[in-house]
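Every number here is computed from the coordinates shown, using simple stated rules; none is lab data. What you see is a predicted model; the values in this text were computed from it and never measured. When we count neighbours, we look across all protein chains shown, and the Cβ atoms used for this are built from the backbone with ideal geometry, even at glycine.
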Amino acid sequence: MAFNLPENPNTRRWLGLMPAILTIFFFMVIPITILGVFSFKPADPYGGVESGFSLEAWIQLFFERDLDDSLIFEPVYLQIILRSIILGLLATAASLLMGFPVAWYIVQQPTRQRDLLLFLVTIPFWTNLLIRAYAWILILGKDGMIEKPLYGLGLIDESLELMYGNLAIGVGLIYSYIPLMILPIYASLEKLDTSLIEAARDLYANRWTVIRRIVIPLCLPGIVAGCILVFVLSLGDFISPSVLGGGKRMMLSNLIQFQFSSARNWPFGGALTMLLLLMVAIGSWFYMRVSAKDGAVEH
Amino acid sequence: MAKSMNTPKKTRNPINWLKAWSHLFFLYLYAPIAVLIIYSFNDNRIAQVWTEFSTKWYVKAFTNEDIQRAIVNSLKVAFVATIVSTLFATMAALVLFRPKFRGQVISNAIISLPLLVPEIATAVATLSFFAAIKFPLGLTSIIIAHIVFCIPFAFMPIRARLAGMDQTLQEAGKDLYANEWQVFYYVTLPMLKPGIIAGAILAFIISVDDFIISLMVAGAGATTLPLYIYSMIRLGVSPEINAVSTVLFCISVSAIAAYWLISRQTEDKTHVH
């Protein structure tokens, strides 16, 4: 070879790490910092920001300016943020109720079948979110797969209006992220010591008691991890509200996107993004604490 | 006596409920996709009224010049982003799997950062960055953004592969007076290959499917396939969308199936040892 690697281990590490680290640093860490700075600047009505300092974007989160420049409390944006949080929580709860039995079922199958079932759970996760949301229009929409048979049977004579509301958004969120609920729960169920269950059954505990007193407490880290993943991803979801919610019922990310497109209020969009990142950071912190504890239990 | 006769019934019943629920769940997971694919072969102009089997929407979609251009753009972006991110991820993994050193934790954290930040935040932050440095939006800006979020996806399987690798072979190579490059080329790289391929596949899938980040950093004329599908969906349901979506779905599924086969093969091999 034409040249030799440097002898110094530190120099080598730096050479190997530099491309990946610098790429992420320059095109992600710095951009987020710039966005944070933008949120403290006056908006340029043609998009972007003007020079100077302004708290207008942060004030806009809570207040509206009256004609005489006085501030009036305006909860419209807080309502959108609150709706995102509530929809995210509902989607998380529904995913847990739907997903836990499935993870429990998969873990009881023979190894070969387990692998296949897990693969089936992950496939949708790796396919385009847009397509998955669109598929639900075919099911929930006017003359969709749900309404058509009901018309045929004469059970309804006008559309159920399943689309373009909180229900459709919720369905989209659950469908998008439920694999991320099942996988961590499965992982913690797999590690579960089955002799504990047998012992409990020998002591005449019924199935519900076993699940309540043994299974759930022992796989709590998996449950918490799954809940945080689904909640954080739902909170930042853009596709379900814009495709299934019809764009009328906004969630936080639609509001953010709107500020950077039609509304051309980048500082306000920046402030909203900082708020979203703060919520995600809190979620991730919990997630790391839980997985650290999970690791400690293993040892 | 009565108790022992009751017990088997009690255990069996909930298992059946569990089975039924799980089967329903898989139906729920795949029914929407099945509907999408079936109706892409429907002759009727109205997407939800079945008349007869036809492939005309595929012909129509793929003779559409805008769709052709969008596919070419998507592939260009995905190829460049996959190659660059896999290369960077491989280099970083080769450093990071070694025993602890200063800066390892922070390096790992930075590499997994794109997984933690919500896509919409990455999208608008990248847009602000390009605006601040006055970088023109277009295919290049999409490619740069894609490289960033593809790195952690390429990184994960490569590092997993390195962690399970037998170090003694490299030692043996050194003992036989191979220089570092020879050890790397003839020992490390062949063993690492399945991990690199798996990483590249994940990066490719993530890039081809990306929508929100592309939406924000694409300039006029740099439409990728998901962006085109989105603009079609906004105009309403049509069998053409079903056809294009089915093709994109098949690309992702075949890639992820390849990934699964590769990672399972290597797992089997490690089990044999």
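Distances between placed amide hydrogens fall under 5 Å for residue A:63 paired with A:74, all partners being 5 or more residues away or on another chain. Amide H contacts for residue B:44 (H built 1.01 Å from N in the peptide plane; partners 5 or more residues away or on another chain; cut-off under 5 Å): B:51, B:52. The alpha carbon centroids of segment A:84-114 and segment B:220-239 are separated by 32 Å. Averaged over the residues of peptide B:210-221, the number of Cβ atoms from other protein chains lying within 10 Å of each residue's Cβ is 2.
Cβ-Cβ distance of residue A:108 and residue B:257, R₀ of 22 Å, FRET efficiency by 1/(1 + (r/R0)^6): the value works out to about 0.30. Between segment B:17-81 and segment A:184-259, the C-alpha centres lie 29 angstrom from each other. Counting, for every residue in A:32-39, the Cβ atoms of other protein chains within 10 Å of its Cβ and taking the mean gives 5. Summarising the label geometry, the points placed 7 Å from Cα in the beta-carbon direction at residue A:122 and residue B:193 lie 2.2 nm from one another. Here the spin labels are modelled as points 7 Å beyond Cα on the Cα-Cβ line, and at residue B:19 and residue A:213 they lie 2.8 nm apart. When each of the peptides A:194-206, B:178-190 is scored by the mean number of other C-beta atoms lying within 10 Å of its residues, the order from highest to lowest reads B:178-190, A:194-206. Here the Karplus curve 6.51 cos²θ - 1.76 cosθ + 1.60, taken at θ = phi - 60°, turns the phi angles of segment A:115-127 into couplings of 4, 5, 5, 5, 4, 4, 5, 7, 3, x, 4, 8, 9 Hz, with x standing for Gly and Pro. If I build a Gaussian network model for chain A, linking alpha-carbon pairs within less than 10 angstrom, which residue out of A:84, A:188, A:51 has the largest mean-square fluctuation? Highest fluctuation of the listed residues: A:51.
Here the spin labels are modelled as points 7 Å beyond Cα on the Cα-Cβ line, and at residue B:134 and residue B:76 they lie 2.5 nm apart.
On the basis of the beta-carbon distance and an R0 of 25 Å, residue A:150 and residue A:90 show a calculated FRET efficiency of 0.50.
Converting phi to 3J(HN,Hα) with the Karplus coefficients 6.51, -1.76 and 1.60 and the offset θ = phi - 60°, segment A:19-24 yields x, 5, 5, 5, 4, 5 Hz in sequence order, with x at every glycine or proline. Shielding of peptide B:105-114 by partners, expressed as the average count of other chain Cβ atoms within 10 Å per residue Cβ, is 3.
The fraction of Cα-Cα pairs per 5 angstrom bin, counted from 0 for segment B:61-272, comes to 1, 7, 13, 15, 16, 15, 11, 8, 6, 4, 2, 1, 0, 0 percent, rounded to whole percents. If the chain linking residue A:66 and residue A:190 were pulled fully straight, counting 0.36 nm for each residue of separation and taking away their Cα-Cα distance, it would gain 38.7 nm.
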